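Here the structure comes first, spelled out in structure tokens, and everything after it is commentary.
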Amino acid sequence: MSTRITQVNVWHATGEVSRGATIIIRDGVFVLGGAEPDEAFEHDIDGDGRWLIPGLIDSHMHIWGVRSSNPANWVVDPLGIRPFRAVADLEKVLRAGFTTVREAGGVMGPSIRDAIEEGAILGPRVVPAYLGLSSTGGHGDCHSLPIEWVRDRPYMATVCDGTTEIRKAVRTVLREGGEWVKVWASGAIALSDNDAPDQLHFSVDELRVLCEEAHALGLRVGAHVEFPSAIEACLEAGIDVIEHGFILDETTISSILEHDVPIVTTMALLRRYLRWVGPEITEAQREMARELLPRIMDSARRAHEAGVMLAMGSDSFAEPLTPFGANAEEMLALSEAGIPVEDCLRAATINGAKVMGREQQLGSIEEGKLGDCVLLGRISPLDDLMQVADPENIALVIKGGVPVAGHSMA
Ligand SMILES: [Zn+2]
């Protein structure tokens, strides 16, 4: 099965740009050497001077199938409705050009991944964490709910304390099909009624055991962590990816570089809090986001300038607060923070692949990589990020060489 796209300008995510190129995807992978004599193409697409970029990667989102950001509604929702909503959410994400998503803590991740892989439903490649790890009272433990509700119906986290429970929770991630370990290592700025971003929720010793166990099983560790002191503790313990990493001082940036750990930024989420009118976000939370957002954007810019690798995460988890399909807003937030457009595109492609350790297969248009790409309009995304960020401009989404979404399929 082969697909050919002719007459395209290609941003490869390698530093290379090709003009008027022909791209071939044979048996699901890019073949840049040209067609075989008499090769027949199942999909022969006239690119017509449009731009082609690698399939986008959202490095931090959740697949929960919920329609409220209030945890009380999550536990009273019938369990059966969630997968159906999640399927609808993931279709929107795919239509927006995201061919891979890293699920950052959710019970459904592995099952949805498998359903997509077997072709039962349409969606991006899912790289799930399965249930993340939270301490009792930590950010993944819903404080506003009765404790037995959270324990009996885990949707995002396994609540665990002490090294024995931590080891068991990590092993369970592997058993249930998770591909990385998510830990809520600290509290958070928003959506938290009972925790704060400068609180470390596991001891360094606990985090060290968590990393040791995960690494022994071949799993990377991504830590929800937002403020410098907690970030330092996570680096010391050996985590592999900083999720959010909102506030960074110079010492923290140096430590991050020293440990060679990437940050998955999630700034667009805070912008949504500012725009949101409704009971889901309290005035105090909105005020905190308003005060911190300029510092957060400044932190991302300084980290980028110092050479820290940034990947983008939408942190989408519940419509309507975080609309699925608007994932690329995080690229716009990075741009607004002062990060050059090409690096914003890298954050949504090759850097996402590196965060997952999948850069041999994903994240760029290169010989032998999986044939995931997105056909845009005729204006270069390097000149205007909206060419990528506005789903209206997504002409065709190709996953593994197969056209799966986009307005030119209508
Ligand atoms: Zn998240």
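The values are calculated or read from the model by the stated rules, or taken from the named source; none is laboratory data. Just so it is clear, the model here is predicted, and its values are computed rather than measured. In this analysis, Cβ positions are derived from the backbone assuming ideal geometry, glycine residues included, and neighbour counts consider all displayed protein chains.
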Review point. Is at least one residue of segment 275-283 closer than 19 Å to residue 243 by Cβ, assigned by TED's automatic domain parsing to the domain that holds residue 223 and either within 16 Å of the ligand (Cβ to nearest atom) or buried (at least 21 other Cβ atoms within 10 Å of the Cβ) (or both)?
Key: no
Practice item. Run residue 289 past the list (1) of a type in the set (A, V, I, L, M); (2) part of a helix (DSSP H, G or I); (3) within 21 Å of residue 184 (Cα to Cα); (4) away from the ligand (no atom under 16 Å from the Cβ) and report the number of the one that doesn't hold. Key: (4)
Exercise for review: Determine if segment 262-279 includes at least one residue that is out of contact with any helix residue (DSSP H, G or I) (no Cβ under 7 Å at 6 or more places or on another chain), over 21 Å from residue 65 (Cα atoms), among the small types (Gly, Ala, Ser) and at pLDDT below 95.
Suggested key: no
Revision key, fill the gap. Looking across segment 228-258 at residues that are part of a loop (DSSP other than H, G, I, E, B) and in contact with a strand residue (DSSP E or B) (Cβ under 7 Å, 6 or more places away or on another chain), the single one that is surrounded by the most Cβ atoms within 10 Å (Cβ to Cβ) is 245
Practice item. Identify the residue in segment 141-163 that is of a type in the set (A, V, I, L, M, F, W, C) and under 26 Å from the mean Cα position of the chain (by Cα) and, among all such residues, is nearest to residue 207 (Cα to Cα). Key: 160
Practice item. Just name the residue that is surrounded by the fewest Cβ atoms within 10 Å (Cβ to Cβ) out of those in segment 38-89 that are on the phi > 0 side of the Ramachandran plot and either within 16 Å of the ligand (Cβ to nearest atom) or outside any strand (DSSP E or B) (or both). Key: 38
Check your understanding: What pairs come up if the first residue lies in segment 51-64 and is modelled with pLDDT under 95, the second is assigned to a strand (DSSP E or B) and more than 16 Å from the ligand (Cβ to nearest atom), and their beta carbons are under 9 Å apart, counting only those six or more places apart or on different chains?
Key -> none
Exercise for review: Go through segment 90-103 and count every residue that is of a type outside the set (Lys, Arg) and not in a helix (DSSP H, G or I).
Suggested key: 7
